[in-house]
Amino acid sequence: MQNLTLLDGQKFQITLKRLCHQLIENHNDFSDSVIIGIQPRGPFLSSRIASELKQIIPDATINHGNLDITFYRDDFRRGDSPLLPNSTHIDFIIEGKKVILVDDVLWTGRTIRAAMDAMLAFGRPAKVELLVLVDRRYSRQLPVEPDYIGIQVDSISSQKVVVSWKEADAEDKVILISDNKK
């Protein structure tokens, strides 16, 4: 196995701040916008984004929640073991709002499709945008493209992108893992 660090330390923090400033350019004071992290790893990024936005624009109300997509996935019946869903926490109305879906890694697009289906249980948004920390540009199975991207990675199916968060993994880091078997 070969690991390549794609993002860590100060560069990781700068990337998060850049994403926040891009959001502010399009959403101003967030009065008509909400941020929703897609479980299980998206809430780490969405919480960081919401926290950073509050520091940049302290008078803004940032509606922020988490969305579980377990039973909306098209592959949820394929495993032998029972599924353990995550929690959904959305205590605001998304009807007519601009929704920013947030996830750590975009790869095939299937997670995003499931999130859009799950989100509709909470209302019909005016617009849906996608923010991801890592965009794995190849291997899309659905026509999904992010509006906000931390970094883009050209990777192949045998590689894996792992995002570590200091809240859960003791450090902020993005690594690309390559299997060296030939």
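The values are calculated or read from the model by the stated rules, or taken from the named source; none is laboratory data. Here the structure is a predicted model, which means the values were calculated and not measured. Positions of Cβ are backbone-derived with ideal geometry, glycine not excepted, and every protein chain shown enters the neighbour counts. Just so you know, the surface numbers come from the protein's heavy atoms only, side chains and all, with ligands and any DNA or RNA stripped out. Shrake-Rupley method; radii C 1.70, N 1.55, O 1.52, S 1.80 Å.
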Item checked: Two-decimal Rg/Rh across the range 30-115, once Rg and the Kirkwood Rh are taken from alpha-carbon atoms -> 1.02
Notebook entry, point to check: Roughly how big is the range 95-172's charge dipole about its Cα centre, with Cβ charges of +1 (Lys, Arg) and -1 (Asp, Glu), in debye to the nearest 20?
Noted result: 380
Notebook entry, point to check: If you count, for each residue, the other Cβ atoms within 10 Å and average over each peptide, how do 100-109, 145-154, 55-64 line up from highest to lowest?
Noted result: 100-109, 145-154, 55-64
Checklist line | DSSP bridge orientation in the chain - percent antiparallel, rounded to nearest 5 | finding: 35
Notebook entry, point to check: Got a number for the accessible area of residue 130? Probe 1.4 Å, square angstrom, nearest 10.
Noted result: 10
Next item on the list: Scan the chain and note any complete DSSP helix (H) whose C-alpha atoms cover at least 20 Å along its axis and whose Kyte-Doolittle average is -0.5 or more.
Entry: 42-56
Checklist line | Dipole moment magnitude, nearest 20 debye, the range 33-91 about Cα centre, only Lys, Arg, Asp, Glu C-beta charged | finding: 120
Checklist line | Extended-chain gain in nm, criterion 0.36 nm per residue less alpha-carbon gap, residue 71 and residue 160 | finding: 29.6 nm
Checklist line | Lys/Arg +1, Asp/Glu -1 at C-beta; the range 1-154 dipole; positive extreme among 116, 49, 141 | finding: 141
Item checked: Solvent-accessible area per residue for the chain (1.4 angstrom probe, square angstrom) -> 55
Check: When the dipole is taken about the Cα centre of the chain, and only Lys, Arg (+1) and Asp, Glu (-1) are charged at their Cβ, what size is it in debye, to the nearest 20?
Finding: 540
Checklist line | Pairwise Lys count, the range 1-139 - Cα closer than 22 Å, eight or more residues apart or different chains | finding: 7
Note to self: Could you work out how much longer the chain between residue 13 and residue 93 gets when fully extended? Use 0.36 nm per residue separation minus the Cα distance between them, nm to one decimal.
What the structure shows: 25.8 nm
Next item on the list: Give me D for the chain in µm² s⁻¹, whole number, from Stokes-Einstein with Rh from the Kirkwood sum over alpha-carbon pairs, 4 °C and 1.567 mPa s.
Entry: 76
Note to self: How high is the relative contact order of the range 15-134? Use alpha-carbon pairs under 8 Å, at least six apart in sequence, and give a whole percent.
What the structure shows: 29
Check: What are the residues whose amide H is under 5 Å from the amide H of residue 65, where those residues sit 5 or more places off or on another chain and H is modelled from the backbone?
Finding: 35, 36, 37
Next item on the list: May I ask you to list the trypsin sites (Lys or Arg not before Pro) in the range 83-175 that are in a DSSP loop and have at most 16 other Cβ atoms within 10 Å of their Cβ?
Entry: 137, 140
Next item on the list: Calculate, for residue 26 and residue 177, the FRET efficiency according to 1/(1 + (r/R0)^6) with r their C-beta to C-beta distance and R0 30 Å; round to the nearest 0.05.
Entry: 0.35
Margin query: If I compute solvent accessible area with a 1.4 Å probe over the protein chains, what percent of it on the range 76-182 is carbon and sulfur?
Written below: 49
Next item on the list: Name the most mobile residue of 115, 170, 126, meaning the one with the largest mean-square fluctuation, in a Gaussian network model of the chain with Cα contacts below 10 Å.
Entry: 170
